[in-house]
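Colleague: Please see the structure below; I have some questions.
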Amino acid sequence: MARYTGPVCRLCRAEQKKLMLKGDRCKSDKCAINRKRPAPGKDPKARAGKRSDYGVQLREKQKLKRIYGMQEKQFGLFFERALRMTGITGENLFVLLERRLDNVVYRLRFASSRSQARQVVLHGHITVNGKRVNVPSYLVKAEDEIAIGETSKGLVIVKDALKEFGKSGVMPWLQLDPDAMKGKFLVSPRRSDITDLGDIKEQMIVELYSK
């Protein structure tokens, strides 16, 4: 599947929001948002006009899609699956996105960004319940154990990323043993538990797909 390969800071500037696409750089003074660089494309006066309802809904969808590093078709498939689940569609969508293996690898501090986590998974460095899994969109279940493979524990990028655990820990629905380089997905989070994505309005995404 084709992926965006251009400058990712441009995506943050387009949304005027930190999407945390470059790991530690996003927390530094080098971040384009911290430096208040303008959005790409049209001049500020042209961007200042009021957006239509469709435009606002589209921006919410684009932000969420880009945060999790997904392409349009794949994101749409996840939405359709969320729609078929019982409960509130927008909340179901967040739960499915959080269950993606690349996201869980990122959340467990095995990578400094979701894009890096996707590469770690694709290159076969991750096991789920002792079996190697190299599919980033694999959906992790409650009580699944996610670990760095035995032959991959010397990876510098993983060791560097794990340093963040000492500063920030992990989300409450996860458990991590940093020395053993393994963790557990304890339970699917509720929407209210996912507090680090800012003010994403999932209901607008539902309304967009309902048109």
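The values are calculated or read from the model by the stated rules, or taken from the named source; none is laboratory data. It should be emphasised that the depicted structure is a prediction, and the values quoted were computed from it without experimental measurement. When we count neighbours, we look across all protein chains shown, and the Cβ atoms used for this are built from the backbone with ideal geometry, even at glycine.
Colleague: When both residues are 6+ apart or on different chains and their Cβ atoms are under 6 Å apart, which pairs have a first residue that lies in the stretch 58-84 and is buried (at least 20 other Cβ atoms within 10 Å of the Cβ), and a second that is acidic (Asp, Glu) and assigned to a helix (DSSP H, G or I)?
Modeller: Matching pairs, first to second residue: Lys63/Glu15.
Colleague: Scan Val135, Val187, Val120 and give me the residue that is over 22 Å from Gly76 (Cβ atoms), loosely packed, with under 14 Cβ neighbours inside 10 Å and within 18 Å of the chain's Cα centre (by Cα).
Modeller: Working: Val135 fails: over 22 Å from Gly76 (Cβ atoms); Val120 fails: loosely packed, with under 14 Cβ neighbours inside 10 Å.
It is Val187.
Colleague: Has the stretch 114-129 got any residue that is in a helix (DSSP H, G or I), hydroxyl-bearing (Ser, Thr, Tyr), out of contact with any Asp or Glu (no Cβ under 6 Å at 6 or more places or on another chain) and within 21 Å of Glu164 (Cβ to Cβ)? Quick ask: steps written out before the conclusion?
Modeller: Quick first cut of the stretch 114-129, residues in a helix (DSSP H, G or I) only: 114-122.
So of that shortlist, the ones also hydroxyl-bearing (Ser, Thr, Tyr) come out as 115.
Subset that is out of contact with any Asp or Glu (no Cβ under 6 Å at 6 or more places or on another chain): 115.
Narrowing the set further to residues that are within 21 Å of Glu164 (Cβ to Cβ) leaves 115.
Within the stretch 114-129, one or more residues are in a helix (DSSP H, G or I), hydroxyl-bearing (Ser, Thr, Tyr), out of contact with any Asp or Glu (no Cβ under 6 Å at 6 or more places or on another chain) and within 21 Å of Glu164 (Cβ to Cβ).
Colleague: OK, next. In the stretch 142-155, is there at least one residue being touching a residue at least 60 places away in the same chain (Cβ under 8 Å) and either closer than 25 Å to Leu77 by Cα or of a type in the set (Asp, Glu) (or both)? Outline the logic, then answer.
Modeller: Going residue by residue through the stretch 142-155, those that are touching a residue at least 60 places away in the same chain (Cβ under 8 Å) are none.
So far as the stretch 142-155 goes, no, none of its residues is touching a residue at least 60 places away in the same chain (Cβ under 8 Å) and either closer than 25 Å to Leu77 by Cα or of a type in the set (Asp, Glu) (or both).
Colleague: Additional query: Here's a check for you: in the stretch 64-75, which residue that is in a helix (DSSP H, G or I) and farther than 15 Å from Glu207 by Cβ is farthest from the chain's Cα centre (by Cα)? Show your work before the answer.
Modeller: Step one: of the stretch 64-75, the residues in a helix (DSSP H, G or I) are 64-67, 72-75.
Next, from what is left, pick out any that are farther than 15 Å from Glu207 by Cβ: 65-67, 72-75.
Numbers: Lys65: 8, Arg66: 8, Ile67: 5, Glu72: 15, Lys73: 16, Gln74: 14, Phe75: 12 Å.
For the stretch 64-75, the residue satisfying everything is Lys73.
Colleague: Follow-up. Is one or more of the residues making up the stretch 35-53 crowded, with 20+ Cβ neighbours inside 10 Å, modelled with pLDDT of 65 or more, over 17 Å from the mean Cα position of the chain (by Cα) and not acidic (Asp, Glu)? Steps first, please.
Modeller: Looking only at the stretch 35-53, we keep the residues that are crowded, with 20+ Cβ neighbours inside 10 Å, and these are none.
For the stretch 35-53, residues crowded, with 20+ Cβ neighbours inside 10 Å, modelled with pLDDT of 65 or more, over 17 Å from the mean Cα position of the chain (by Cα) and not acidic (Asp, Glu): absent.
Colleague: So which residues in the stretch 155-170 are over 19 Å from the mean Cα position of the chain (by Cα) and either at pLDDT below 95 or under 24 Å from Val187 (Cβ atoms) (or both)?
Modeller: Gly166, Lys167
Colleague: Something else now. When residues of the stretch 73-111 are filtered for being in contact with a strand residue (DSSP E or B) (Cβ under 8 Å, 6 or more places away or on another chain) and at negative phi, how many remain? Break it down into steps so the answer makes sense when it comes.
Modeller: Of the stretch 73-111, the ones in contact with a strand residue (DSSP E or B) (Cβ under 8 Å, 6 or more places away or on another chain) are 96, 99-101, 104-105, 107-110.
Next, only the ones that are at negative phi stay: 96, 99-101, 104-105, 107-108, 110.
Within the stretch 73-111, residues that are in contact with a strand residue (DSSP E or B) (Cβ under 8 Å, 6 or more places away or on another chain) and at negative phi number 9.
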